[in-house]
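Following: one structure in structure tokens, then a few remarks.
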Amino acid sequence: MKAELAMFGGKPAVRPEYRRLEWPVVTDAEREAVLRVLDHRKFTVGAKNEPEIHGLESEWAEFCGTRHAVAVNSGTVALELALTALGIQPGDEVIVPALSYVATAMAPLYQLAIPVFVDIDPVTFNIDVTKIEEKITNRTRAIVPVHLGGLPADMDEIRALARKYDLLVVEDAVQAQGGTYRGERIGSLGNVACWSLNVEKSIPTCGEGGLVTTDDEEVAERIRSLRILGEDLSTEERLYVSATRGSNLKLSSVLAAFTRAQLASFWDYQAKRDHNIPVFLDRLAQLPGIVIPTVPADRTHMWHMLRFRFDPEAAGLPGVTAGRFRQALRRALLAEGVPLTHYQIIPLPGQPVFQKQDAYGQGYPWSLPGTNPQRYDLADYPVTCQVIEDSLCLRRMHLNPDAGPALDEYADAFERVWQHLDVVGRFARSLDYQPPWTAVPGYEPTAAGVA
Ligand SMILES: Cc1ncc(COP(=O)(O)O)c(C=O)c1O
């Protein structure tokens, strides 16, 4: 007999303690690391012989195979300072994917540069490299590929375009710590790479943090200066002389020490994920109408986020739209105890901050003299719209290296829901449905790409 769906009163497939799993995992190693800082009392990067930030920087550079790593206080700041240190100027255009965390597209604004969006690939969810060239103009200076969800972007094609048009490449490597592409470690594949250490990331700290990696000594030195009010760092003794504009964007030693402990455990944890997650995905792949994450043979997936696309036709529900199917599945699976979420409900160009084209008043930076007009119309990003409509994500929980038994119960929940697809289909048809981005304040119906 089929067990009843939890949304109609059945017993949920997932036990309550598996609905939220601990991440970051905090062990004695992290406790000792934090206490060590309280004992040695070197709390900031400026303290003489400070060991934690400098230790993290050299360990991170080794982890990425780069000459330098510079620690800052967030991934967003890492992107902002990377673009600044590379010489991005007001009015320059920076190419970014239409699907990412907003920081990727917000960072160019720090230098009064203008984000230009490119649609994503429907399989990898990364920037569609076949659509980049048509967005390159006389003002384009950089491409920021994002290794979204843990899967490296198509870096060879991106680097070829960068060579052809003399562009800089800044990897947003935030979601793919440890990943490799064609045998090379990400974080070393462009001019500069940016990392976040926030609590959601695969190598987190106990708060917020970030890093920039590069082989370029001058760029690294500029970032070290930018993170401390543009100070001239060439003197042995600190003279408090600012050579350039900067801000106070330093990481704290306690946070660095915590991350060093996480970095030391990373490959053990990742080996467990490399077992747990494919077992889970293989079970889901048996269910018609679920598209599990794809891993091209030339790169590794770091499993940072698991995105599932849902196809109602393949599930045997013709006439049910993808958005309604996804919405009905979310209700059913959440009731069973599977903590599925959206990751982004709106393509980046649809974010109100970009729709307004006014970041600093008077339309800056879009109104700067000589800039090209930008059209941020969602109809130009049909794949991003479609993926947002028809997919849901599993985040954070599955990073716990002991998530295996919980993932088994998540798979039980999917299987149960799939036994009731006729009911789910009826429920989906009855839903009052709008695409997720219509919930955004300031949404204009004319900007919709997909109904
Ligand atoms: C792809 C991407 N880029 C940049 C960032 C910004 O990092 P932070 O939150 O540390 O500022 C994030 C953060 O989650 C991200 O996912």
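Structural remarks
- Residue in the range 51-72 that is touching a Phe, Trp or Tyr at 6+ places or on another chain (Cβ under 9 Å), within 16 Å of the ligand (Cβ to nearest atom) and of a type in the set (Gly, Ala, Ser) present: yes
- Every pair of residues 6+ apart whose Cβ atoms lie under 8 Å, when the first sits in the range 418-429 and is assigned to a loop (DSSP other than H, G, I, E, B) while the second is modelled with pLDDT under 95: 420/2
- Single condition residue 302 does not satisfy, out of (1) in contact with an Asp or Glu (Cβ under 8 Å, 6 or more places away or on another chain); (2) crowded, with 20+ Cβ neighbours inside 10 Å; (3) assigned to a loop (DSSP other than H, G, I, E, B): (1)
- Residues in the range 155-194 that are within 10 Å of the ligand (Cβ to nearest atom) and either acidic (Asp, Glu) or in contact with a strand residue (DSSP E or B) (Cβ under 6 Å, 6 or more places away or on another chain) (or both): 172, 173, 174, 194.
- Against the list (1) closer than 29 Å to residue 316 by Cα; (2) within 18 Å of the chain's Cα centre (by Cα), the condition residue 397 fails is (1).
- Matching residues, the range 195-217, being outside any loop (DSSP other than H, G, I, E, B), touching a helix residue (DSSP H, G or I) at 6+ places or on another chain (Cβ under 8 Å), more than 7 Å from the ligand (Cβ to nearest atom) and over 21 Å from residue 306 (Cβ atoms): 211, 212, 213, 214
- In this structure, residue 133 does satisfy being outside the structural domain of residue 395 (by TED's automatic domain parsing), touching a residue at least 12 places away in the same chain (Cβ under 8 Å), farther than 24 Å from residue 355 by Cβ and away from the ligand (no atom under 16 Å from the Cβ).
- Residue pairs whose Cβ atoms lie under 6 Å apart, separated by 6 or more positions or on different chains, with the first residue in the range 218-233 and farther than 13 Å from residue 250 by Cα and the second of a type in the set (Val, Ile, Thr) and not in a strand (DSSP E or B), are 232/241.
- The condition of being assigned to a helix (DSSP H, G or I) and among the polar types (S, T, N, Q) holds for residue 355.
- Every residue from the range 361-413 that is among the basic types (Lys, Arg) and not in a strand (DSSP E or B): 375, 396
- A Cβ distance below 7 Å, combined with a sequence gap of six or more or placement on separate chains, defines the contacts here; from the range 308-327, residues that are assigned by TED's automatic domain parsing to the domain that holds residue 287 reach residues that are aromatic (Phe, Trp, Tyr) and surrounded by fewer than 22 Cβ atoms within 10 Å (Cβ to Cβ) in the pairs 323/433; 324/433; 327/433.
- Scanning the range 128-149 for residues that are under 23 Å from residue 80 (Cβ atoms) and either within 16 Å of the chain's Cα centre (by Cα) or not in a loop (DSSP other than H, G, I, E, B) (or both) yields 135, 140, 141, 142, 143, 144, 145, 146, 147, 148, 149.
- Pairs with Cβ under 6 Å, 6+ apart, first in the range 95-107 and assigned by TED's automatic domain parsing to the domain that holds residue 146 and at pLDDT 95 or above, second of a type in the set (D, E, K, R) and assigned to a helix (DSSP H, G or I): 95/135; 107/80
- When 125, 117 are checked against the criterion of being crowded, with 22+ Cβ neighbours inside 10 Å and on the phi > 0 side of the Ramachandran plot, a single residue qualifies: 125.
- Candidate set from the range 357-378 (those that are in contact with a Ser or Thr (Cβ under 9 Å, 6 or more places away or on another chain) and touching a residue at least 40 places away in the same chain (Cβ under 8 Å)); member that is nearest to residue 268 (Cα to Cα): 378
- Among (1) farther than 17 Å from residue 372 by Cβ; (2) more than 16 Å from the ligand (Cβ to nearest atom) - the single one residue 114 does not satisfy: (1)
- Any pair with Cβ under 7 angstrom, 6 or more apart, that starts in the range 59-82 at a residue that is farther than 17 Å from residue 175 by Cα and in the same structural domain as residue 213 (by TED's automatic domain parsing) and ends at one that is modelled with pLDDT under 95 and more than 12 Å from the ligand (Cβ to nearest atom): 65/188; 66/188
The values are calculated or read from the model by the stated rules, or taken from the named source; none is laboratory data. These numbers were taken from a predicted model, which means no experiment stands behind them. Note that we place each Cβ from the backbone using ideal geometry, even for glycine, and neighbour counts take in every protein chain shown.
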